[in-house]
Every structure is written in C-alpha cells, then in structure tokens.
Amino acid sequence: MTVIHDRPSNPAAGDEDRPIGYGRIQRKEDPRFVRGQGHYLDDIVLPGMLHGAILRAPVAHARLVSIDTTNALAHPKVVAVITGKDLLGLKLAWAPTLSADVQAVLVTDKVRFQGQEVAFVVAEDRYAARDALELIDVEYDVLPPLVDARKALDPDAPVIRDEIEGRTDNRIFDWEIGDKAETDAVFASADVVVSQEVVYPRVHPAPMETCGAVADFDAVNGRLTLYETTQAPHVHRTLFAIVAGIPEHKIRIVSPDIGGGFGNKVGIYPGYILAVVGSIVSGRPVKWVEDRSENLMSTSFARDYIMQGEIAATKEGKILALRTHVLADHGAFNATAQPTKNPAGFFSIFTGSYDLLAAHCSVTGVYTNKAPGGVAYACSFRVTEAVYLVERMVDVLARKLNMDPAELRLKNFIKPEQFPYANKTGWVYDSGNYEAAMRLSMQLAGYEDLRREQAEKRERGELMGIGVSFFTEVVGAGPRKHFDIVGLGMADGAELRVHPTGKAVVRISVQSQGQGHETTFAQIVAEELGIPPEDIEVVHGDTDQTPFGLGTYGSRSTPVSGGAVALVARKVREKAKLIAGAMLETRPEDLEWEKGRWFVKGDPSVGKTIAEIAMGAHGTVALPEGVDGNLDAEVTYDPPNLTFPFGAYICVVDVDPGTGQVKVRRFIAVDDCGTRINPMIIEGQVHGGLTDGVGMALMEIIEFDEAGNCLAGSFMDYLIPTAMEVPDWETGFTVTPSPHHPIGAKGIGESATVGSPPAIVNAIVDALAPFGVTHVDMPCTPARVWAAMQGRARPPI
Amino acid sequence: MQIPAPFDYVRATTVDNALELLARYGPESRVVAGGHSLLPMMKLRLSRPEWLIDINDLYELDFILRDGNKLRVGAMTRHTTLLESDEVAALFPIVRDAELVIADPVVRNRGTIGGSLCQADPAEDLSTVCDVLAAEAVIRGPRGERILSMSEFHRGPYETAVGQDELLCELRFGIRPRSGSAYEKVERRVGDWAVGAAGAAVTLAADGTVDDAAVGLTALGLDHPLAEAAAVLRGRRPDEELFARAGTLAAAACDPVADQRGPVDYKRHLADELTKRALRRACDRAAQMQEG
Ligand SMILES: Cc1cc2nc3c(=O)[nH]c(=O)nc-3n(C[C@H](O)[C@H](O)[C@H](O)COP(=O)(O)OP(=O)(O)OC[C@H]3O[C@@H](n4cnc5c(N)ncnc54)[C@H](O)[C@@H]3O)c2cc1C
C-alpha cells in the first residue's frame, strides 16, 4: 500500500519549500533524541540523591489494621519510612483531585483499589528501597470489593467512600444536558428508532516513560525544586503551593523531556507528593520513578463508559435526534481531569457532526474499587467516548435502514453555510466543510470499488468489512470564563524576546511530550516576524523560565498557546514598526510590512529588517515616546471559543472466518485541523493516533477479576499495538481555518485517536453482517469477534 | 524499573563446569540461558533464585548438525538461529512456522530452545513442535547422560524431567522421507503468547496414504500429542473429511481454561479449526516432498 502523496493544492498549508514559517521542516528537537541525548526524568542525578519506593496494596478493598515498619527501618540503607499516619500529622494524607474530590496519598483507613499507595520507603539506592518494601508488615481486614459498575448502586453494594460524612452509596453524580421533553417528543413521533448499548472499556494511556519525580527541598532557603513528568508544570506549582503550603514563589517545577503523556501526566500522583515529603524529611533530594506495573495499575486510566444509545430518524434517513444514558465508572476517587463545569467533560458533544432537532444525555458517575483517574487521554476530555457513541449509532441506524453508512452521513451533515453552528447541547462549532472531507476520503479509498470487492468476496464466504466514521473534535479550552482546572482559567502566556542580533527566544507555558513544540512554535514566530525557525529558540517546561499557563493536553497547545505565540509575535512586529519609524525618520503609518521587514510605502528600497530594528532597539537610536529599548513582548491569550477539528476516516478489514482474527488492511484518514503549520508533524500526530485507535479497537482493556485484581499489570497482559498490526496509513487533508484563531489553526493531537476506533469497529461489524451481527464491543479480540459470529457477543464489562 | 530480589551471579565456562556449579550452589541456584522467561519472573519477584549460573558461554551447546538420519540441535541454539536455518526449514517446516510467531526479534535473538523446553510453559510453542516431531532430549548430570522421549521429558506445566543438578544439552529429531509438518497459532497480537495453537507432522506412505501422523496442541490443555488423531489418520488418504474428523477429535480431547485470551468454547473451537489447518498444510508439504 502506498501513502497518498497527491494532495489537492492548498494555500493555507504553505509552500513546502518556503524557507520561512510554515512548511514541512525537520523537527528541531530530533537531533538530540536520535542521538540519545534527550534528558528524561530518570536521567536526573543530584548530589546526595536518595531513592523512594511505594508499598502498594495487594487487595482491592480492605480495612487497614496495622502497619509495622520496624524491620524496614532496621535495613542499613533505609533512611525513612513514611506511612499514612505520618501524613495525617502533616495534613497531607489526602490531596485534592482535579474533580473536586480528594484522594488518599497514603492509606490511612481503608484500601480502595489494588495497587493503592500504602507506605513510602526512602533509601540510599533504588534496590534497597525496593527490598525494604518486603520488610514492612501490614495487616489488612479484607472487605468485599465492588468491581462491576453496573452493581455500584445496588442497595447491598459495599460503600467505598465511607470516610465521607453522610455517604451511604457509591453515586458520585447525576448530570444531564439537552432538552429531555423536546427530545422525547421527537423520538415519539419518529418513523425509526434504534437503540444499542455501546461500551467503551477502561484503557490506559500507557506512555513509554512511566511517571516519576525528583524532589529537592532546600531547607535553608525554603525552596522546593521539583522535577516531574508533568504535562502542566504551572498548574502543578499552584497546586503544590495550596496543598503543601510552600509559598508559590519558592517552588520551581521542571518538566524535562517527556516520553509520552497522553493525559497520563496531567494530575498529581501520590508518588510526586511523597517524593517531596521524603526530601523534606531526609533533607536530601529524593527520586521516585514508578515501574511499568505501577503505571498500569495505579495511574490515570481512560474511558470506562457504559452508554445506552438511541437514535431517531425518518425512514428516508434524516437523523432527527439522539439520546443516551451513561454509567461512568470513576474508580475509587473522582480524579477525572476535566476543565468544564460539569462532571462529564466534553461528552455532551455526542451530537457529532449532524444537524439534529433534539438531543439529550444523562450521565451517572459511580465509585468502584478500581484505580482513580479518567484522564484527558487523547480524548479531549471524553470526546472520544462521545464520537464513538454517535458513530456507532449512525452505523446501527444505517443497517436498520439498509442504507450505505457513508451516504447516510452525507445526508445528515451540518452544512458549510450553517457555521458557526450551535448544537443542541450548548456548543458553537466554529467552522467546517464536512461533505468535502467525506468525499475526499471516499475518493482516496476508492469507496465504490471497495464495496464491489466486498460483494464479490461475500459470494465466496470471505469476510471483508468497510467502516466509515466522521468526527468533530472539540479542543483548545478555554475560554477562561467557561473552562478551568481547579479554578485556574484556561489561558496561556507567551513571552518573546528578539535579541540585538535578530535571534529570538520564545517562552511558552505548555509542555511537549513529543508533539514537536520546539519546531511548531518557532515556525509560528518565523511566519509572523520573518526570522528563520532555526534562529528561534523555544523554551518550555520550567516554571522559573516561562510564563503562566495551563499546559498541554486536550489538543490545546496550538489552539491556545499557538494563538498566544502568534499574538506575541504580532505585538513585537508592531513595536518594531515604531522603532523602524524612528530609525528611518518616517511616521509609522507610512511603513508597510513584508515578511521580515518594514519599508517605506512607495519606496521599498528604504526599510529595516527585524534584525536591524532589534539592534536599533538595543542601540543608541532615539526611541519614540513610550517605547522602551528592547524588542520584547508578552501576552496571555484567552481564546474566544474552542476549535472544532474534524475528519473523515475509512477503514478496511479482513476477518478470518475460522478464527475471528481481524486484519486492518487499509486505513484512509482525511483530517481538517484548519491552518496547517508543519505537515510532517501533523502526519506524525495522525499516525500515532491511528495506531492508538487500532490498539483500543482490537486489544486494549484493563480488566479486573471478581476479587478486584487488576489483570493488566504488564505489557504481556495489557497489549498495545506494534508495527505489525497497523497498515501503511493513507492520509489526506482539507483546510477549513478557524475563524477566531489568530492563524486559523485548530489542533490535531487527538483527532486520530478520537476518530479511528469507530471506523475500525464499524468495519468489523460490517464484515460480520452476513452473520446478522449489528454490534461488537471493543476490544475486538479474536475470541470476542468469534463470539459475535456465534450470536453470543457479550459486553466486556 | 522492575527490580528483582538480591541474587549472586556466576558464569559457567563449559557443560562440566555448569554441572559443578549447580552441584556446589544447590537447590537455590538456577541456570540462565536466554533469560526471557526467567528474568521477567525474577523482576516480578515470582522467582527468587539465590544464584544465577549463566550458561551463555556454553558455545558447545549452540549448534545445528545433521548426523545420519537425525538432526541434532544444541540446547543453547537461539530462536533466531532456528528461524533462519534453511536446513531446518526444509526438513521440519513446522519449526519455521512456529519461530515466526514466537515473541518478537528481541526475544528471539536471546531465547533458546533449551530454555523454552525447560520452562515448560503450557503456552510454549516449541514444546508442541518437539512433541509432534517426536524429538529426544539429551540430558546430562552428575550421573552422566540420559536420553528421554518427549513424553518422559514433560511432567506437566512448568515441570520437566530435568533435575535440579542437570542440564538439557541437546534435542534430536528423526529425519523421515515423505514427511511434512506445520504449525498454526492464533495470538491477540504479534509477540503475544498463543490463545491456542496446533502443530501437526505427517509421514506419507509411497501410495500417498498416511503412514504416521502426530497432532499436538499449545495452550489448550493437552499435554501430549493427540493419540486418537494419529489412529484415525493412519492408512487413510488425506482429505478434508479426514482433517475435519481430526479437528473434532482435538476439540473433544483438549481441556482449555478460560482467561483473558478467551473463553473455553472459543479455545475448543480453535483446537478444531487449527488442527484442520495444520494437518492440511502438513499433508500438502509431505505430498510436495514426495513429488520433489
Ligand atoms: C515478550 C515475550 C514474549 C514471548 N512469547 C513467546 C511465545 O509466543 N511463544 C513461546 O513459545 N515463547 C515465548 N516467549 C518465551 C521465549 O521463547 C523464551 O525465550 C523461552 O521461554 C525461554 O528461553 P530462554 O533461553 O530465554 O530461557 P531462560 O529464561 O533463560 O530459562 C527458562 C528456564 O529454563 C531453565 N533452563 C534454561 N536453559 C536450560 C538448560 N539448558 N538446561 C536446564 N535448564 C535450563 C532456566 O533455569 C529457567 O528455569 C516469550 C518471551 C517474552 C519475554
């Protein structure tokens, strides 16, 4: 299979050979990564550094009877052993979560999930720390666990959060949105109504680098330097100030090179806090890095939504309304990272890409004896679940109506002229041309030929499936008045300094985990100022060196920070105009801009380049009134709205009728992320997200047995896809700029993760049509696909 | 980083030296070959030997050698060596079939046939391969050398006839004319252990009927080759109906357990389906050999 290189011409994508600004340039960060010179958390070694290890609960639900640390403390290399009781004294036993709940840092009363943190050992080396864990004697009084979310609200279910006063059940919240009466009325009079339970099982972000921290508390100056694997260093600084009581100006958070985040590194884990406590207690730096099992078993999972979907339509295939009820398993503590004022994040965009008369959804969140979390894992705060639901439902409807799924979608898309489009649950989509993307995708796929091939194969008993999905993403939170993380409004700062020789440094608040910020953001400045990208250094990840901002997750870096960077560069450009006027002894109004240079209108030979102006600003030129002697600026960008990237995906699978094995043969992804900055980086993001989608659709799940044991504690049990399971990706694009974003860019980080699982599952269900199969839940393992062929499909949870 | 419990380490230089070290350090010592089964278990602290005796310098056990009508394979032969050997592929195509789906190149570059057999994991693919090829295991210990059949070698999951103070040194495979073999495996993902697998080896008589046949299953709860299948096949001309009968027998004889890889009914179905596929391919190959 060849990758499609033949792309339609597209001015906003920029000329690929253009030396300045946008275009396909190689990543500035790659020389250090390909030479093994990246600097990750575990590469940090400080003088006198100690090592921490966490003792974790072997059972899912148990009262803590006693902890005896005597033998561990007697180990010659052990410096300290910290228990929940010690933390109670420091008022640190419980920490706030990102969803207005609290989470135990170390167990004080009761274990609530397998793998929960029970004690922390600080020792001279990591081996001793690990060995000493076995010397801690803990007595548990085991309680019946609650594993099945569907039983969480039964009257006899064990109450997990009995430490919360007055709590007698496991209900966290009931929440709804949309007009129920209106929706029910549309359903009541519709020709066709289909319903389907759709499960998005618990999965894990599984970054290659696990989480960790190195805490260095300087008792003399009262300063805490905390190196962390974090996607949001500034938010962490504020939270540490609030939780640990260390004044914020005395805290420096450094996020070094990050080996993948996917939302796993948004929250503050007990291990980070314990490293800080360990450093305060020992007076020495303390490193804590979790192992793979700890990462999979205790850190933020994603999804875990059981969705009852219903869709109403006319018999001609006009979709009228959608409704759903969701049972959301949040684990033992409600630690979901989400920035809205509601507990289901962006799930209310389940209306998808279609023009509906009405929509309603309700979500019930429950506690279970499982790890907490529910992260932004490449899901833009639960858009992934929303898109999966609607795209599965549309396919279920297509089958019912006996219509082609692509045709059905084309019939119901929001039309280009309807943008900005207000959906039925309060979102205003900025821009879109859905039909164009869908048609391009069908053209690249050779859709008609594929359907013909499928018909021939069916005659021969071969199982080939073609799956379509269309998604509208919602990314780039704020605006700050609507979106916040624990009260911190979602805006991002940028600072730009142009040095006297015309080289620039731009400081940003967001932290890359592989997205290529050092390249993309330099390209934005380059485009605005006409300085080549290689002359622009991007600084990020250190709170002492960067302006405040909310961080990288939910595909928000380009929509928010990218906007900040464009605006700060424009601010510098305007300042340069004033200085150029002084240098050229003309009025600024008489100057005109061309890339990299202000010149006199009507006389292009008279002008000053940015480098000349920078030298002038720092030199001896008499500056105009109110202009100070530098070429620097700063901004904080509060986006006026979110951005709404979209895409049309087509997947082709072959299913082995004898074994149920699925082979993804082709995958065509047409993405529209508005203005394209670096097409190579965009394609990289898409390839990664599609691979992720194959993982979720075919193999990923965190399962528990009835005793509450996590069955996915290693990469032998939690499968993630390899190069062998993915086809050569075929990508294409359209460009519909965001009307409100400074450069029209929308964000691309999560599109493919959001859009691909429904395309793959729809393809599998399509392949199994001869067996009368209308739905298969993920993961579509050989056993689950075969069960569906026998008419015995069961939900995974 | 996953950290094993403390242990001591020593490198053996020869087979005799390894046997000496095993005797010296006693029951708490273990040899390490490729380490791809032992080390993961140590990192999870499920296995905690006090002494590791490294046998990776025992080049005398790393060989593939034709000796009359036998193929002799040293216990330290790596998966990759087996996979890449054209001689092995020509004589016993089942080996290449299996090696292609054992783990991934990183594991195959280190993991050994000896380690695989001694680990005796019920999902170990080479155990089934050796079973259906009726291999012999050459074991050396303080009391000298002994040669065991596979049925004597296997003692159930994670147990073999190799004593604590002994080493598996070699596997011997009988070369027969007009024979073919094949391996069919279903895995959830490349590098995963089998959900289920079947191996078959067939020898045809000059008239094209089955002279001898063996069918074995991996990860499906059947420790030894399926005797009934051999009985049904012998003397018959291979055809779809025969394969189907063998498949039915395999499904009836196996005793799989439900786990994350699948429920019992699916695994039983795989025993049937994969037995058919393996036999079909083995017979095709045997027929080709007959022609060629
Ligand atoms: C990620 C992964 C995936 C895998 N997937 C598969 C798969 O799909 N199919 C499959 O069959 N296998 C699979 N394996 C296992 C792999 O084949 C191992 O290499 C093999 O099981 C053990 O061989 P080894 O040489 O590494 O043995 P080691 O781990 O070194 O040893 C295993 C055991 O055998 C003993 N031992 C080793 N050699 C001898 C000897 N000569 N005499 C006596 N005792 C000995 C050791 O003491 C130890 O108890 C996988 C392994 C990994 C890590």
Answer with yes or no whether A:MET297 is within 14 Å of chain B (Cβ to nearest Cβ) and farther than 24 Å from A:ILE44 by Cα. yes
So, in segment A:154-167, exactly how many residues are farther than 17 Å from A:VAL102 by Cα and loosely packed, with under 14 Cβ neighbours inside 10 Å? 3
Scanning segment B:121-134 residue by residue, the ones that are outside any helix (DSSP H, G or I) and either within 14 Å of chain A (Cβ to nearest Cβ) or within 8 Å of the ligand (Cβ to nearest atom) (or both) total 3
Among the numbered criteria (1) touching a residue at least 60 places away in the same chain (Cβ under 8 Å); (2) in a loop (DSSP other than H, G, I, E, B); (3) touching a Gly at 6+ places or on another chain (Cβ under 9 Å), which one does A:GLY317 miss? (3)
Scanning segment A:271-309 for residues that are among the hydrophobic types (A, V, I, L, M, F, W, C) and in a strand (DSSP E or B), the one surrounded by the most Cβ atoms within 10 Å (Cβ to Cβ) turns out to be A:ALA302
Has segment A:698-715 got any residue that is modelled with pLDDT of 95 or more and over 30 Å from A:VAL111 (Cα atoms)? yes
For the subset of segment B:75-101 comprising residues that are free of Cβ contacts under 8 Å to residues at least 40 places away in the same chain and among the acidic types (Asp, Glu), which member is nearest to the ligand (Cβ to nearest atom)? B:GLU99
Before we move on, is B:PRO142 away from chain A (no Cβ under 14 Å), within 28 Å of A:TRP786 (Cα to Cα) and not small (Gly, Ala, Ser)? no
Going by the conditions given, is B:GLU60 more than 30 Å from A:ARG130 (Cβ to Cβ), in contact with a His (Cβ under 6 Å, 6 or more places away or on another chain), within 12 Å of the ligand (Cβ to nearest atom) and away from chain A (no Cβ under 14 Å)? no
Can you tell me which residue within segment B:1-49, out of those that are more than 27 Å from A:GLY52 (Cβ to Cβ) and within 14 Å of chain A (Cβ to nearest Cβ), is surrounded by the fewest Cβ atoms within 10 Å (Cβ to Cβ)? B:HIS36
Residues of segment A:325-362 being touching a helix residue (DSSP H, G or I) at 6+ places or on another chain (Cβ under 6 Å) and among the β-branched types (Val, Ile, Thr), in sequence order, are A:ILE349
A:THR781 - would you say it is under 30 Å from A:PRO640 (Cα atoms) and crowded, with 23+ Cβ neighbours inside 10 Å? no
Only one residue in A:GLY84, A:GLY89 is more than 14 Å from chain B (Cβ to nearest Cβ), small (Gly, Ala, Ser) and surrounded by 20 or more Cβ atoms within 10 Å (Cβ to Cβ). Which one? A:GLY84
Could you say which residue among A:ILE268, A:ILE242 is more than 14 Å from chain B (Cβ to nearest Cβ), modelled with pLDDT under 95 and part of a helix (DSSP H, G or I)? A:ILE242
Kindly establish whether A:PRO343 is in a loop (DSSP other than H, G, I, E, B), crowded, with 24+ Cβ neighbours inside 10 Å and under 19 Å from the mean Cα position of the chain (by Cα). no
Segment B:90-110: number of residues that are touching a strand residue (DSSP E or B) at 6+ places or on another chain (Cβ under 7 Å) and either crowded, with 24+ Cβ neighbours inside 10 Å or farther than 15 Å from B:ASP192 by Cα (or both): 8
For residues in segment B:1-33 being out of contact with any Asp or Glu (no Cβ under 8 Å at 6 or more places or on another chain) and of a type in the set (Gly, Ala, Ser), which is farthest from the ligand (Cβ to nearest atom)? B:GLY26
For A:HIS325, only one of the following conditions fails: (1) surrounded by fewer than 24 Cβ atoms within 10 Å (Cβ to Cβ); (2) in contact (Cβ under 8 Å) with a residue 60 or more places away in the chain. What is its number? (2)
If I ask for residues that are within 10 Å of chain B (Cβ to nearest Cβ) and closer than 20 Å to A:ILE160 by Cα, which ones from segment A:696-720 would you list? A:GLU703, A:ASP705
Kindly evaluate B:VAL107 against the criterion of being within 14 Å of another protein chain (Cβ to nearest Cβ), within 7 Å of the ligand (Cβ to nearest atom), within 15 Å of B:GLY196 (Cα to Cα) and out of contact with any Cys (no Cβ under 9 Å at 6 or more places or on another chain). no
Among the residues of segment A:541-587 satisfying the criterion of being in a helix (DSSP H, G or I) and free of Cβ contacts under 8 Å to residues at least 24 places away in the same chain, which is surrounded by the fewest Cβ atoms within 10 Å (Cβ to Cβ)? A:GLU574
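Residue-wise test of (1) of a type in the set (Ser, Thr, Tyr); (2) near the ligand (Cβ under 7 Å from one of its atoms).
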{"position": "B:ALA103", "(1), (2)": "no, yes"}
{"position": "B:GLY111", "(1), (2)": "no, yes"}
{"position": "B:CYS118", "(1), (2)": "no, yes"}
{"position": "B:GLU136", "(1), (2)": "no, no"}
{"position": "B:GLY144", "(1), (2)": "no, no"}
{"position": "B:MET150", "(1), (2)": "no, no"}
{"position": "B:HIS154", "(1), (2)": "no, no"}
{"position": "B:THR160", "(1), (2)": "yes, no"}
{"position": "B:ILE175", "(1), (2)": "no, no"}
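The values are calculated or read from the model by the stated rules, or taken from the named source; none is laboratory data. This structure is a prediction, so every number in the text was calculated from the model and none was measured. FYI the Cβ positions are ideal-geometry reconstructions off the backbone, even for glycines, and counts take in every protein chain you see.
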